[in-house]
Structures are given as C-alpha cells and as structure tokens.
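What follows is one structure encoded as structure tokens, with my remarks underneath.
No lab work stands behind these numbers, since they all come straight from the coordinates. Please read these numbers as outputs of a predicted model, since none were measured by experiment. Backbone-built Cβ (ideal geometry, glycine too); neighbour counts: all protein chains shown.
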C-alpha cells in the first residue's frame, strides 16, 4: 500500500520586480501551477512613472528546498529583474488591506463599532443595519478582526493580499 | 516611387505597385522578419506553410540567403531544427502557421526545452483583431508554449520585430540554451514599419552569469586535489558550452586522473576509448559507472542535472560523497540532490578557471580507487548472451559501430530500447555526434533530427538508430529527405514490440503485455521504396555486416530493417525506485512485480 508523504513547510514572502509586459503575470502564476508550488496571495501593480516595471508580492508556503527552487525558477524568467525572499532577507514589514462588511442591529452593532475602533478599522460605508470597515495591517491582525466579526454579523470579506518591504534604509 | 538604381539584394524590396526593385525605408513585418533572420546568419528554416504565415512565405520566395526546408509535419520541423542545432552548435529555426501548425510543433519545442537546445520558433497567428475570438486556426500559442519555452513573445507591431528577433536569438543561444517562440499575427506580417540596417538596441535585460566566483573555484580545486576517490560526472552542458568545454574537460581529467562518466546527453564529450572512461551512468548505465558514483568521495558534476534517470533512489544516491555542481542555470542547483559546492557559470569558463587555479599541482595517487573500479569493470555489465537463432540487438549496434566508426558518423535515435543499446554499444569520441531525446523522451525524434543534422553536415554519414514503433511516429519525414536528396540512413532494430514498454511490463507487471505489441507493422523495405529510398532487410546474423556495408555504399537514403531478437531486454538496469548498487545485469533473476512505491515512479 502506498501513501502520499508530506514534508514540513514554511511560509515565505517574496517580492519580484518584473518588466511590465503582456503575459508576465500568467508566466509567474503558471510557473507555480506547473511546478506544483503554492500561492497564498499575490499582489501586483506597476511602480515606475513610465509603467515599465511592476512589483509582485507573493506569499507562498512549502518545504525549504522548494522555497529555494521557487526563488531560482523565478529568476530564470527573462522578464524578471530581481527576486527577494523577504523572509530570508531580514526583518520586513508586511501589510494588507481588507474591506469587511458586518450587518446587525442593537448591541452587536455597537460592539462591532467598538471593536473596530480598537483595531483602528475605519468605517467607509454605513447603513442603519451595516458597516463596511477598512482595515490595514499584518495578515494575522486582519485574521483576528475577521474572526471577531464573524460572531457579530460578518457578511463579506475582501482582502488585497500582502505587500512587503524590508526594514531599514537600504533597498532590498 | 523611389530611385531606379542598382542596389545590393539585401536592400531590395518588391514594391507592390510597380513590381520593381525600389529602395524603401519602410518594410512589411514579414520582410523585416526575413531580413532579421538573414542578419542572424540563418542558413535553414524548417517549416510548413499555412494561412497565417503566407506573408512570411511570400517574403521567403526567391530568397537566396535562407533555404526553407519543407517538412511533412510540424513536429518534424521542430525536431529537424533540434538535430541541426545539436550537430552544428548553431540555433535551429522553425516556421509554422497558427493553430494546428503551432500545436504540432509544441512537442519538439518541449523537447528542446528539456534538452537545452537553442531554437527560434516563428509561429503565425490570426490577425490581432481576431485574437480571442476563436477564429479559424486560432490557438493561444503564447499561452500553450509558456512553460515549454525559455521565453516567448506575441509581437503586436512590426516596428518591434527586429529587436524581438535579435533578443530571441540572444536568449536562445546564451546562458542555458533553449527554445524561444515568436508569435506574429498575420496583420503584423503585412503592416509596414521603419527598417534600419543597423543592429537594434538591445534591452540588456538578459545577462546570465558565465564566470565562476573565485572563492568557489579555489574551493573546488581544494576539494578535487584532496579527493581520494573522485569522479567526473558530465552532461549535456559540456556539449552545449561548445568544443572548448570538451577540450578543457579532457585536460582536467588528464591533470587530476579522475575517472569520467557521462549522462545520455553528454556522450561524446569524453572519448569512449580512454582508459578512464566508465561509460554512461544511470538507469541503463554501466555497473562501473554507477558503482563508482555510489562509492566516490567526490562527485564533480559538470553541466549535468542529477536527473531521476541518473540518480535512482535519491536517499541512496552517492551517500558518502561530497558534490561540486558546475551549472549555468542556478535553478538546477539543489533541485533534486543537495550539493556541497555550487559553481554557477558556463562549463568552459569554469573549467578554464579551475585549470588555471590548479596550475601544476600534483594529482592524488588514485591507484587504489582505480583498482576498485577495475573490479567493477570485471562484471562486464554490457555483455549479453549469444543467440543462434536471432540477431541480438546489442550485436547489431556493435557491428554498426565497428563498420561505420572510421567515418565518424552522427547518430540520432528515437526513444526506447534501441536508444539505450545505441548509447551503450555505439561509442563516441567527439561532441555533437550524438543526437537523442533525453529529457522529454520523444519517440519520433530521430528521423527528423537526422534530416536536420544531414543538412548542417552535408558530408557526414548520419544514421538514425530506430525502433519499429518509434520510427512510425514521424515516418512522413521520409519524403523530406527524398525531396532534398539527403542520404540519411535509418537503422531499425525491429523486434516487433514497443520494446521498453514490453520490458517494463515483463519486470513489473508479471508479463501482462498490455498494448505493447507492434501489430500490423508495414513492410519497411517496400515503404522505403515507395518514398524513393533504398530498403534493405537483414534477417540473419550472417547478413548483418553485408547489410550494413550495403547501407553505407548506397549514395542515397536507406532504411535498414534489421530483424532482431524479439524478447531481448536492455540491461544493465537500475529498476525503478532502486539504488545504484541494486543493478540488474543480464542473467540475474528478475521478479515479475514491484511494490506500489516503485510502480509510482516514472
């Protein structure tokens, strides 16, 4: 009898700067599927004035040897300028933005607003029976907030995925 | 329009209005493409026309600098370009139409990707405005080829074409070589753009590291100099790096005295008659090569990639050895086997750096190590039983080698038992003589590859060693050889089976021969004659030498249908999921089944 074995996995945040050309996102996303790597989140936007270069932040998990391969395989793509494994490179900041819709009346509604204040979540839309909160932070902060809101009438969650940057004066 | 003056051909364009040669600063996309290919020194384009490439075919009409080779199927075009590239060291160029043209070529592109063969593939595409509309003969070529090309492009403006072609050739041929695809919509082929004869501005975004870091080189030299049981494990990277890498490898071996083994792709980099040559390693490698890998204290991997066919069971692979891995592709390092010292760079440059750093050091005394290797050699792992009734396929290859070796032939193969027998029993002494599909394992590779090689090497004897099943996968290319009067030879080891499938079924599925019998085989002699080739059948051992001689004596293309023993197996063999030390040799008792863990491996 044969069973599939699993290895211990790590979570890594990678930033990838690329030529902003047609198909590059498909190349990167497809590389992950083709080689059986995981994508937990992926964000992309162009970061130069002439829109020539984009920065992609990928959160992935896998065994350390696989993380190293992901790094090498990404660098192999011609339009990729640079890959930085923030998790390896040193202390780094990671933030994501979430929109969280909560509906409820009476005590629950008041409690939701009070907790939002504790988390510094900003109500960006409101009706007599609902709020949409905007919350920025590290993923676990958003996880916690969403978990609490689940008890108070959570309707819908939208998250951007992580954007990360190395701490200190230097460019990574 | 334009001045009517005599101008050199490369400046001429046919004016659609006046049908005369005029000087023009604007050219069609198709014309820019052809001009750019000519500037790259392209001699041959392997292709097949169709609706979406008609403008390019029109631009090729009457073109004297580039010779178009019309294949019979687009798969043949890609493999022929591979054969040309592998045997000449120059990039192969393919031109096919959209949709089925592109998808048919895809197997050859994937093959070139895995074996690191430089190709530039031009595909036609439906007009820009129709892309995404499920138009006639539309396929998402860029999407389909994304993960089997080194890079690909969809060109939307003829003004970009010259720069794209220039970069495509750079990417295909430098760093770790590979296929690059350029998809050109039909309207982009027709539309006009400014053309300049000066080379396009390069974007300088692709600059692979070719030089090893000096501390890595020093460390490598230390490790090699102190090893008591070193082995050089070389691969296709040595061939890809060019003839200089081959010469430097031989020099390094001379200075260090280390024995040499090679992967399937690397055969020819080291001469097979050298006393320190161990033969090929891996699943069907020699006993001495695999045992030496297993027992070595240092493996110097030069341009190879620890493929699963080479390592066998990973947790038992060379357990006591340090490993140096020289590779131009950083993603090959630590992919399957963790190494102690990676050296990222081009094989030739790194070998040269190592030799410089080695200077006049004295090599270790390796007498003890070589003595152990000699005991492994004594197992004579390539021996096979004689057979009075049928030609043993190994013998057929041995005779083919003996009778053709003076001509220094180029050998291509299909995929299967015959391929492994050719690798084991045909011997190579120089690079670019051995063309085989190693990574993808593509049946149908050998005949078109031989055609490409013959075009690139018109005075060389080119032989496709084939099997009865494989040869049928691109049999239509017989017509291509006929058309271009190419004297390629096909030597079929005909055992009436998909031999390697049959062998695995015998060893792992208790001889349940599910669909591996080659039923309804054609009469290969008549088939040869139908295509204007010569057909020769060898049915008995007594006819073997004369048949091979007749094949060589005939000035045109020949199919030799060599009827061999139907049930011969390819040994030695490391069974799926086994270690190097668990090789099966001829005469060993082989169990008829395997556990599920072994069956699950490829």
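Over chain B, dividing the summed -39,500 (n - 2.57) contributions of all DSSP H runs of at least 4 residues by the number of residues returns a 222 nm mean residue ellipticity of -10000 deg cm²/dmol.
Under the simplified labelling scheme, the residue B:203-residue B:215 pair shows an inter-label distance of 3.4 nm, with each label point 7 Å from Cα along Cα→Cβ.
Averaging the sequence gap over all C-alpha pairs within less than 8 Å and six or more residues apart, then dividing by the number of residues, gives region B:214-377 a relative contact order of 30 percent. Counting only alpha carbon atoms, the long axis of helix B:161-173 and the longest principal axis of chain B meet at about 10°. Ranking of B:461, B:281 by neighbouring Cβ atoms within 10 Å, starting from the fewest: B:461, B:281. With contributions of -39500 (n - 2.57) from each DSSP H run of at least four residues, the per-residue ellipticity at 222 nm computed over chain A stands at -9500 deg cm²/dmol. Can you work out the base-10 log of I(q)/I(0) for the protein assembly as shown at q = 0.09, 0.10 1/Å, using the Debye formula on its C-alpha atoms alone? For the requested q values the scattering log ratios are -0.94, -1.11. Neighbour counts of other Cβ atoms within 10 Å put B:151, B:427, A:6 in the fewest-to-most order A:6, B:427, B:151.
Under the simplified labelling scheme, the residue A:48-residue B:222 pair shows an inter-label distance of 4.1 nm, with each label point 7 Å from Cα along Cα→Cβ. List the residues of region B:23-61 whose backbone N lies under 19 Å from a point placed 7 Å from the Cα of residue B:190 along the Cα-to-Cβ direction. Of the residues in region B:23-61, B:26-34, B:49-61 have backbone N under 19 Å from the label point off residue B:190.
Its alpha carbons considered, region A:10-89 gives a radius of gyration followed by a Dmax of 11.9, 38 Å.
Relative to the longest principal axis of the Cα atoms of chain B, the long axis of helix B:100-115 makes an angle of roughly 40 degrees. Using a cutoff of 8 angstrom between alpha carbon atoms and counting only pairs six or more residues apart, the relative contact order for region B:26-194 works out to 28 percent. The alpha carbons of chain B stretch over 82, 62, 46 Å along the principal axes, in descending order. For the residues of B:389-401, the average number of beta carbons from a partner chain within 10 Å of their own beta carbon is 0.
Mean per-residue shielding of peptide B:152-159 is 1, counting Cβ atoms of other chains within 10 Å of each Cβ. Dividing the convex hull volume of the alpha carbon atoms of region B:97-139 by its residue count gives 68 Å³ per residue.
Label reach from residue A:40 (point 7 Å along Cα→C-beta): in region A:116-151, amide nitrogens under 12 Å belong to A:139-141, A:143. Counting other Cβ atoms within 10 Å as a rough exposure proxy, the listed residues A:11, B:512, B:372 run B:512, A:11, B:372 from fewest neighbours to most. Spin-label pair residue B:174-residue B:597: with each label point 7 Å from Cα along the Cα-Cβ axis, the two points sit 4.7 nm from one another. How many percent of Cα pairs in region B:385-438 exceed 16 Å? The calculated P(r) of region B:385-438 puts 43 percent of pairs beyond 16 Å. Peptide B:293-303 is shielded by partner chain Cβ atoms: per residue, an average of 0 of them sit within 10 Å of its Cβ. Here chain A is treated as a Stokes sphere of Kirkwood radius computed over C-alpha pairs; at 20 °C and 1.002 mPa s its diffusion coefficient rounds to 118 µm²/s. Applying 1/(1 + (r/R0)^6) with r as the Cβ-Cβ distance of residue B:383 and residue B:254 and R0 = 41 angstrom yields a FRET efficiency of 0.90. To the nearest ten degrees, helix B:347-358 and the longest principal axis of the Cα atoms of chain B are 50 degrees apart. Taking every Cα-Cα distance in region B:188-294 and sorting them into 5 Å bins starting at zero, the pair-distance distribution P(r) comes out as 2, 10, 16, 17, 16, 10, 6, 5, 5, 5, 4, 3, 1, 0 percent. Once C-alpha pairs closer than 8 Å and six or more residues apart are averaged by separation and normalised to the residue number of chain B, the relative contact order reads 13 percent. Highest average first, the peptides A:95-108, B:571-584, B:69-82 ordered by how many other beta carbon atoms sit within 10 Å of their residues are B:69-82, B:571-584, A:95-108.
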